[in-house]
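For reference, the structure is listed below as structure tokens.
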Amino acid sequence: MEVKDAIENAKKNDQIAFNFLLDRFWNSVYGFQLKRTQNENDAEDITIQTFSKAFDKIHTYNEKYEFNTWLITISKNIHIDLIRKQKSTISNTSNGNEDDAYFAIIDESPSPEDKLITEQNLAKLLRDIKKLKPHYQEVINLRYFQELSYKEISQSLDEPINNVKVKLLRAKKLLAEIIEKQ
């Protein structure tokens, strides 16, 4: 499969095309973020968010540009947003004395999606989960009800761990949208 074909198929919600693009460009985006963040976990989280956002917005991709460049741009913007958010959650508290200065780190609140999901009662939540496509239902079930790790889910589904992470991120986003509509 060629990248151009994969992009066209991904625009039609073809999961195989998404997987092809993810496998093809994962190392490029991850490597870029690893250089920027100097932290494997942060690089991985940003890369997952990059692919999730790219797949949600794939219809806006302009073929005049390289697909990899488009992904790197999304990745860079996500990283910048995270840095801004981190700066706003750390406040410098001091009573004038340099030695007494310390940084108060404000608790990171759960994402809006996480908050919406946990606010729902279980029966309603299960009904809402049933509205998702089966592969999203399965990944939500394995992660939140069977409490499997990403690695265990990856082995259970026989899929690369990166696909599992992106699929879970998309499933949470879609589930939050279903809940918000009601």
Verdict on THR50 being surrounded by fewer than 12 Cβ atoms within 10 Å (Cβ to Cβ), among the polar types (S, T, N, Q) and closer than 21 Å to ASN9 by Cα: no
Qualifying positions in the stretch 156-182 - open to solvent by less than 10 Å² (accessible area, probe 1.4 Å) and small (Gly, Ala, Ser): ALA171, ALA176
Residue count for the stretch 121-154, restricted to those that are small (Gly, Ala, Ser) and modelled with pLDDT of 85 or more: 2
Failed condition for THR60, given (1) surrounded by 10 or more Cβ atoms within 10 Å (Cβ to Cβ); (2) modelled with pLDDT of 90 or more: (1)
Verdict on ILE80 being surrounded by fewer than 17 Cβ atoms within 10 Å (Cβ to Cβ), of a type in the set (A, V, I, L, M) and either over 20 Å from ARG170 (Cβ atoms) or touching a residue at least 60 places away in the same chain (Cβ under 8 Å) (or both): yes
Identity of the residue in the stretch 155-182, among the acidic types (Asp, Glu) and at pLDDT below 90, that ends up farthest from the chain's Cα centre (by Cα): GLU180
Complete set of residues in the stretch 15-44 that are without any contact (Cβ under 8 Å) to a residue 24 or more places away in the chain and either under 16 Å from THR60 (Cα atoms) or open to solvent by 80 Å² or more (accessible area, probe 1.4 Å) (or both): ILE16, ARG24, ASN27, LYS35, GLN38, GLU40, ASN41
Residue count for the stretch 135-154, restricted to those that are assigned to a helix (DSSP H, G or I), open to solvent by 40 Å² or more (accessible area, probe 1.4 Å) and out of contact with any Phe, Trp or Tyr (no Cβ under 9 Å at 6 or more places or on another chain): 9
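The values are calculated or read from the model by the stated rules, or taken from the named source; none is laboratory data. The shown structure was predicted, so the numbers you read here are calculated from the model rather than taken from an experiment. Backbone-built Cβ (ideal geometry, glycine too); neighbour counts: all protein chains shown. Quick note on the areas: whole protein, heavy atoms, side chains included, nothing else; ligands and nucleic acids left out. Shrake-Rupley method; radii C 1.70, N 1.55, O 1.52, S 1.80 Å.
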